[in-house]
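Below is one structure; the comments refer to it alone.
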């Protein structure tokens, strides 16, 4: 099954990126490069979904990039301090395929 979730990549002062997946509570990861951050986001999303399914929890639908962009300041509050930092934030969809799970 194909999943797609918007992710927020926030450049870290010391280098690398922190990744937030707003639709999946607690789904946060990091990577040293943009490419690594996307790969880590795929792993984090897959893990989040696998645990939810294992515990018969509902997997939330995904927001659109536009919906996340409309609330971006709320997600970044307390994380991004300056306009310069805000301008370097990357908002993108992360897609991954996971095998179907038998009910």
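Test of understanding: among 91, 98, which residue is touching a helix residue (DSSP H, G or I) at 6+ places or on another chain (Cβ under 7 Å), on the phi < 0 side of the Ramachandran plot and at pLDDT 95 or above? Walk me through how you get there before you give the answer.
Values: 98 fails: at pLDDT 95 or above.
Residue meeting the stated conditions: 91.
Which residue out of 22, 99 is touching a strand residue (DSSP E or B) at 6+ places or on another chain (Cβ under 8 Å) and either without any contact (Cβ under 8 Å) to a residue 40 or more places away in the chain or assigned to a loop (DSSP other than H, G, I, E, B) (or both)? First the steps, then the outcome.
Details: 99 fails: touching a strand residue (DSSP E or B) at 6+ places or on another chain (Cβ under 8 Å).
None of the other options fit; the residue is 22.
Taken over the range 4-19, residues that are touching a residue at least 12 places away in the same chain (Cβ under 8 Å), more than 11 Å from the chain's Cα centre (by Cα) and surrounded by fewer than 19 Cβ atoms within 10 Å (Cβ to Cβ) amount to 4.
For the range 53-69, the set of residues classified as in a helix (DSSP H, G or I) and over 16 Å from the mean Cα position of the chain (by Cα) consists of 53, 54, listed by residue number. The set of residues from the range 75-95 being farther than 16 Å from residue 9 by Cβ and either assigned to a loop (DSSP other than H, G, I, E, B) or within 15 Å of the chain's Cα centre (by Cα) (or both) comprises 77, 78, 81, 82. Scanning the range 45-61 turns up no residue that is closer than 18 Å to residue 85 by Cβ and in contact with a helix residue (DSSP H, G or I) (Cβ under 9 Å, 6 or more places away or on another chain).
The set of residues in the range 25-36 being in a loop (DSSP other than H, G, I, E, B) and out of contact with any helix residue (DSSP H, G or I) (no Cβ under 7 Å at 6 or more places or on another chain) consists of 25, 26, 32, 33. If you filter the range 25-52 down to residues that are over 23 Å from residue 14 (Cβ atoms) and touching a residue at least 40 places away in the same chain (Cβ under 8 Å), you find that the one that is farthest from the chain's Cα centre (by Cα) is 50.
The values are calculated or read from the model by the stated rules, or taken from the named source; none is laboratory data. Remember, predicted model here, so these are calculated numbers, not experimental data. Every residue, glycine as well, gets a Cβ built from its backbone with ideal geometry; the counts of neighbours run over all protein chains shown.
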